[in-house]
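J.: My questions all concern the structure below.
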Amino acid sequence: MSGFFASTRYAVVGASANKSKYGNKVLCWYLQHNISAVPINPTSTHIENVACSPSLSELEWAKNREEMQKTSVSVITPPRVSALVLQEAAKLGVKHLWFQPGSEPENMKQLAENLDVCVIGDGPCILIDGPSMLNRARL
C-alpha cells in the first residue's frame, strides 16, 4: 500500500465536476493535500481548474513507460469500467491503483496479480484512509 504514495504522478479516473460525486471529492482530496493529480474524464476539459485528460492513454506522459511506472491512479468508476481501466493502466506501465469503495472490478486481486499491478481496494477509501497512509509514506 505504501507504494501508492511513493509515486511522483497521480491521476483520478472517474473525476467529476459534480461536487456531490465521489469523483470530485477524491480529486479535491489530492488538491487539498497539495498533490498534483490529473482528472481523467472523457467529456470534461477542466475540473476544479485542473486540465483533464480523456483517458490514461492520452496523458501527456503516457508514451513514456518509465513515467507511467511512477504514476499512481485512483479509480472511481463502475466495476465494469474499472476492469478496463486496470487493463489499460497495466498496458501503459502503471504499477499502483486504488479502487475506491464500490469501484472494484470483479476478481480485482486475481486480475491485478495476472497483470503484475498492485491494487488497493475492497474497503479502504482515500477520503478516510488516505491521510494516515500518506503520512506513513512520507516518514
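J.: Could you list, ordered by first residue, the pairs with Cβ atoms under 9 Å in which the first is in region 107-131 and surrounded by 14 or more Cβ atoms within 10 Å (Cβ to Cβ) and the second is of a type in the set (Val, Ile, Thr) and part of a loop (DSSP other than H, G, I, E, B), at least 6 apart or interchain?
T.: Cβ pairs passing all conditions: LEU111/VAL117; VAL117/VAL94.
J.: Could you identify the single residue in LYS25, LYS19 that is within 18 Å of LEU127 (Cβ to Cβ) and surrounded by fewer than 14 Cβ atoms within 10 Å (Cβ to Cβ)?
T.: LYS19
J.: Right, here's the next one. Looking at SER57, SER72, which one is under 15 Å from ARG9 (Cβ atoms), surrounded by 13 or more Cβ atoms within 10 Å (Cβ to Cβ), under 12 Å from the mean Cα position of the chain (by Cα) and among the polar types (S, T, N, Q)?
T.: Step by step, each of SER57, SER72 is checked, and only SER72 is under 15 Å from ARG9 (Cβ atoms), surrounded by 13 or more Cβ atoms within 10 Å (Cβ to Cβ), under 12 Å from the mean Cα position of the chain (by Cα) and among the polar types (S, T, N, Q).
J.: Moving on to the next point. Which pairs do you get when a residue that is assigned to a strand (DSSP E or B), found in region 9-35, comes within reach of a residue that is open to solvent by 10 Å² or more (accessible area, probe 1.4 Å) and aromatic (Phe, Trp, Tyr), reach meaning Cβ atoms under 8 angstrom, with the pair 6+ apart or on two chains?
T.: If the second residue must be open to solvent by 10 Å² or more (accessible area, probe 1.4 Å) and aromatic (Phe, Trp, Tyr), the pairs left are ARG9/TRP61.
J.: Could I ask something else about it? Within region 36-48, track down each residue that is open to solvent by 80 Å² or more (accessible area, probe 1.4 Å), in contact (Cβ under 8 Å) with a residue 24 or more places away in the chain and in contact with a Ser or Thr (Cβ under 7 Å, 6 or more places away or on another chain).
T.: none
J.: Just to check your reading of the model, which residue among ALA62, ALA83, ALA90 is within 15 Å of the chain's Cα centre (by Cα), surrounded by fewer than 21 Cβ atoms within 10 Å (Cβ to Cβ) and farther than 21 Å from ASP122 by Cβ?
T.: ALA62
Every residue, every condition in (1) touching a Gly at 6+ places or on another chain (Cβ under 6 Å); (2) without any contact (Cβ under 8 Å) to a residue 12 or more places away in the chain; (3) among the aliphatic types (A, V, I, L, M), yes or no:
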residue	(1), (2), (3)
VAL50	no, no, yes
SER53	no, no, no
GLN69	yes, no, no
VAL73	no, no, yes
PRO78	no, no, no
VAL81	no, no, yes
GLN87	no, no, no
GLN100	no, no, no
GLU104	yes, no, no
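The values are calculated or read from the model by the stated rules, or taken from the named source; none is laboratory data. Worth saying up front: this structure is predicted, and the values here are computed from it rather than measured. In this analysis, Cβ positions are derived from the backbone assuming ideal geometry, glycine residues included, and neighbour counts consider all displayed protein chains. Heads up: the accessible areas ignore ligands, DNA and RNA and are worked out on the full protein's heavy atoms, side chains in. Shrake-Rupley method; radii C 1.70, N 1.55, O 1.52, S 1.80 Å.
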